[in-house]
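These notes concern the structure reproduced below.
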Amino acid sequence: MRSLMKSRKKMSRTTIARILDAFHDSSRVLITSHKEPDGDSICSQLVVREYLESLGKECVLFNHGDIPARYRFVTGVENIHTDISAYDFNPDLVVVLESTSLDRTGDVASVIGDGVRIINIDHHEGNTLYGDVNLVDDRASSVGEMIYKILSEDGFVFKGTTAENIYIAILTDTGRFHFSSTTPDAMRIAADLIESGVDTRRVTDQVYFSMSEPQLRTIGEVIQSAEVHLDGRLCALTLTRALLDKRGMSFSDFEGIVDYSLQINGVEVGVLFKDISDDVTKASIRSRSNLDVAEIARKFGGGGHPNAAGVTLEAPLDEAKRLIIQAVKETLDRND
Ligand code: AMP
Ligand code: MN
């Protein structure tokens, strides 16, 4: 573990010590992450909870937004609450994972009382450092990786559920060890976790190969929706409420389908558009080159990583498509 830490200035030992002190000094901890949580946020939250409960702390897990279907098998996921109106907990510490700003937690931000200490652990560039303690490493593959390093410094041993959940965080945030976030540290930690008994085939099957037939058929229609623009450099997919309603499904049944937008050889930028309402459109943007899509997302108030970003636009579907495609065109033109 020590050799993993040495090379990474962003994971400062002093900051890690401050986080561990705050954990030990706490009694009631609220653990949250960003709206529309993903595998990294969910699994990292669950691991922090197991660790804190092993220290005898009381924990509440809360996220704004449904747990995506592909993560409903995760051990402990039923402990994550999604209804803030049922919230009645008075924490003395709040742990915010994976959120560039406090706003990204959605409704959760509004229930954090004044003066409650906030620990901010994230791996997104542009984090606004809103915590009382901030640990931000944009070179980390996942927050799961950061949690592994932090808790290892406290002598926490990952086995069983905690090993599996960190593995899922790394697996999903690296796109199954595909994205450029697949760093040596990510691989070393994954190797340690496999050694401690993670059943990699079972976990990968659960996350990626456990669809229902209607899900598969809906994905077929989303793929049929593909539009190729900008001389084959951009592929746009669309998932509409109309399509979901037809099969009684929801957006959270389709986490990760944006990945199909980068399937075509030569496509540099992939986008998935979702019509959240008549006037609100979510765009998930991906790139495989060094084209920074977080910068594009930020133009419209969103954010993310250079190769994976997202933004919610106050615009109808067609207008949002026009805006994003134009912004991608401008970025490509500038880079050419
Ligand atoms: P998504 O497109 O939702 O899969 O998100 C891709 C990446 O961008 C993830 O790391 C998200 O946390 C981040 N992201 C998505 N939406 C936003 C937003 N509105 N603001 C900041 N970051 C975002
Ligand atoms: Mn992440």
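Each value in this text was obtained by applying a stated rule to the coordinates, not by laboratory testing. Given the structure is predicted, the values throughout are model-derived calculations rather than measurements. Positions of Cβ are backbone-derived with ideal geometry, glycine not excepted, and every protein chain shown enters the neighbour counts.
Things worth noting here:
- Relative packing of peptides 278-284, 119-125 - highest average C-beta neighbours within 10 Å first: 119-125, 278-284
- Per-residue HN-Hα couplings for the range 323-336 [Karplus 6.51, -1.76, 1.60; θ = phi - 60°; Hz; x = Gly/Pro]: 4, 5, 4, 4, 5, 5, 4, 4, 5, 5, 4, 5, 7, 5
- Length gained on full extension, residue 213 to residue 290: 24.1 nm, using 0.36 nm per residue less the C-alpha separation.
- Three-way shape label, the range 166-234, alpha-carbon gyration tensor, a/c 1.5: oblate
- Percent of alpha-carbon pairs separated by more than 25 Å within the chain: 51
- Distances between placed amide hydrogens fall under 5 Å for residue 280 paired with 315, all partners being 5 or more residues away or on another chain.
- Potential extension, residue 277-residue 191 segment - 0.36 nm per residue separation minus Cα distance: 26.7 nm
- Helix axis angle, 13-25 relative to the chain longest principal axis, alpha carbon, degrees: 70
- Placing +1 on the Cβ of every Lys and Arg and -1 on the Cβ of every Asp and Glu, with no other charges, gives the chain a dipole of roughly 820 debye about its Cα centre.
- Other residues lying with their Cβ under 10 Å from the Cβ of residue 266 contribute a combined charge of -1, Lys and Arg counting +1, Asp and Glu -1.
- Nearest-ten-degree value, helix 160-173 long axis tilted from longest Cα axis of the chain: 30
- Fraction of antiparallel bridges per DSSP, the chain only, in percent to nearest 5: 40
- Column: log10 I(q)/I(0), Debye, Cα scatterers of the range 13-207, q = 0.13, 0.16, 0.18 Å⁻¹: -0.62, -0.97, -1.26
- The range 132-167: trypsin sites (Lys or Arg not before Pro) in DSSP coil with no more than 16 other Cβ atoms inside 10 Å: 139, 159
- Placing +1 on each Lys and Arg Cβ and -1 on each Asp and Glu Cβ, with no other charges, gives the range 13-207 a dipole about its Cα centre of roughly 360 debye.
- Reported value for the range 35-89: 72 Å³ per residue, from the convex hull of its C-alpha atoms.
- Dividing the Cα radius of gyration of the range 44-158 by 2.2 N^0.38 Å, with N the residue count, gives 1.05.
- Using alpha-carbon coordinates, inclination of helix 39-54 to the longest axis of the chain, degrees: 10
- For the range 213-335, the Cα gyration tensor yields ellipsoid semi-axes of 23, 16, 12 Å (square root of five times each eigenvalue, largest first, whole Å).
- Cβ-derived FRET efficiency at R0 22 Å, residue 138 paired with residue 206, nearest 0.05: 0.15
- Alpha-carbon centroids, the range 262-276 and the range 215-232: separation in whole Å: 8
- Mean ellipticity per residue at 222 nm, deg cm²/dmol - from DSSP H runs of n ≥ 4 across the chain, formula -39500 (n - 2.57): -11500 deg cm²/dmol
- Within the chain, longest stretch free of exposed chymotrypsin sites (Phe, Trp or Tyr not before Pro) [DSSP loop, at most 14 other beta carbons within 10 Å]: 210-336
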